[in-house]
Amino acid sequence: MRRKSQSADISWRSVARANPTKRTATGVVMRSIASSLLALVVITSACAAPAARSTPETTRAAPTPSATPAPRVHVTVAMGTKGSLILLPWELAKALNYFEEANIDLELQYAANATQAAAALVAGTADLGGSSLDHSIRAQLQGKPTRMIVSFARLPGVALVARPDRKAQLSSLAALRGTTVGVPGIASGAHVLLTYLLRSQAGLDPDRDYRVQAFATAEFAGALERGDVAAAMITDPLITQIISSGKAALIVDLRREDETVKVLGGRYQFTGAVARADTLDKNPALVQRVVNVLVRTLRYIARAPASEIAAAMPADLVGSDRQLYVAALDASKQYLSPDGVIDRGSVETVVKVNGVFAESYPQQAPLRSGDRVDVDALFDMRFVRAALAN
């Protein structure tokens, strides 16, 4: 087999040498075929290239239809003192047209005080509310639960002030024995805090040791000046305004976190947006739209200069002295929440403080001795978490 194979191989080469013309022709034919094949490959590749090339037409995604706008809705909000910075997000969001951009027609309904505003929410005459957490404790124990859904003031944001000539005397709060102290409303958040402050720091009980009288915001300065009250527990911008004007002096400043922790034993979730529990269950989509706006507003407050915020507010809320209002806004940044989040510990402090208020005002307090409060049912962070995630 090997010999035969060699012979065949020799014979093939011999034929080639013996027939050079035939060999040349064969080579030409082979080269011609190779060239044709090469040309075919090039042509095929050239023809195929455009199909593989990325072009704007082939890579551009098909246009997606725009999201359906949320339906126009009318929302009423019951709140207390007009222009109070502890409720600023409601008024500022409206002034900035944030609610309008969310297709929400917001109506702010002002009550004489926070207690009446909270009652309006519970009664169903308002969709949402702006008040302190104390009122949600009362509503829960009455079987008509409301829940805070956004934090506004994560500290009390209030201060005890007195006439300047009495500041030295009031270095000890016990000096308020036998006097009258002003508050924005009976059983309001400021009243609850005043009761705890004087009880825990000076051992004073209302009625027995001092009297409490409610005043409208515009009446406090005059009441202090005339001596109708020895001191008052008030909120900004009034705090900044009457101190700057020399009509009052700071005694206890619960706008500051260090003083709040010292006096109350922890942070204190004061005011925020509040909703009835049935509203949260029946209309969560609407609640989410409102919360989105409020969280957006709180973030704006945290980053914007106070002068810019003041420029956006209605003139009747700013007042005649813009510089004083700007100063009050600057002070508010230390107690207004930057994101609307509520922590459980600050809610527990509120329940503790209200327990002391109950001992002094068993008929007016939101809870009584022996009442058990479900702390976790006083607030709901689902909507804030969703807003922050977006």
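3J(HN,Hα) along segment 138-145: 4, 4, 4, 6, 8, x, 10, x Hz, from the Karplus curve 6.51 cos²θ - 1.76 cosθ + 1.60 with θ = phi - 60°, whole Hz, x for Gly and Pro. Which shape class applies to segment 158-264: rounded if a/c is under 1.5, otherwise prolate when a/b exceeds b/c and oblate if not, where a ≥ b ≥ c are the square roots of the Cα gyration tensor eigenvalues? It is rounded, given that a/c, with a ≥ b ≥ c, falls under 1.5. Electrostatic tally near Gln364: other residues with Cβ closer than 13 Å to its Cβ, Lys and Arg +1, Asp and Glu -1, net -1. Between Val341 and Asp165, the modelled label-to-label distance comes to 4.9 nm, taking each label 7 Å out from Cα in the direction of the beta carbon. On the basis of the beta-carbon distance and an R0 of 56 Å, Ile186 and Ala389 show a calculated FRET efficiency of 0.85. The residue among His191, Ala223, Leu264 whose Cα reaches farthest toward the positive pole of the charge dipole of segment 158-264, with charges on the beta-carbon of Lys, Arg, Asp and Glu, is Ala223. Distance check, please: which entries in Lys262/Lys352; Lys144/Lys352; Lys144/Lys262; Lys247/Lys352; Lys144/Lys333 exceed 25 angstrom between their Cα atoms? Pairs exceeding the cut-off: Lys144/Lys262; Lys247/Lys352; Lys144/Lys333. Here the dipole of segment 239-376 is about 200 debye; that uses its Cα centre as origin and unit charges on the Cβ of Lys and Arg (positive) and Asp and Glu (negative).
A simple rule links phi to the HN-Hα coupling: the Karplus curve 6.51 cos²θ - 1.76 cosθ + 1.60 with θ = phi - 60°, which for segment 184-194 gives x, x, 5, 6, 6, x, 5, 5, 4, 5, 4 Hz, with x for Gly and Pro. Taking other C-beta atoms within 10 Å as the exposure proxy, Met79, Met313 rank Met313, Met79 from fewest upward.
Among Leu155, Gly130, Leu141, whose Cα projects farthest towards the positive end of the dipole of segment 107-176, with charges put on the beta-carbon of Lys, Arg (+1) and Asp, Glu (-1)? Towards the positive end, the residue furthest out is Leu155. Using θ = phi - 60° in the Karplus curve 6.51 cos²θ - 1.76 cosθ + 1.60, the 3J(HN,Hα) couplings for segment 337-351 round to 5, x, 9, x, 6, 10, 9, 4, x, 5, 6, 4, 5, 4, 5 Hz; x is entered for Gly and Pro. A simple packing score, the average count of other Cβ atoms within 10 Å per residue, orders the peptides 293-302, 203-212, 339-348 as 293-302, 339-348, 203-212, with the highest score first.
Amide H to amide H distances under 5 Å link Val252 with Leu160, where only residues 5 or more positions off or on other chains count and H is placed in the peptide plane. Around the Cα centre of segment 158-264, unit charges on the Cβ atoms of Lys, Arg, Asp and Glu (plus for the first two, minus for the last two) sum to a dipole of about 200 debye.
Where a number appears in this text, it was derived from the coordinates with a stated rule and is not lab data. This one's a predicted model, so the numbers in the text were calculated from it and none came from an experiment. Virtual Cβ from ideal backbone geometry, glycine too; neighbours counted across all protein chains shown.
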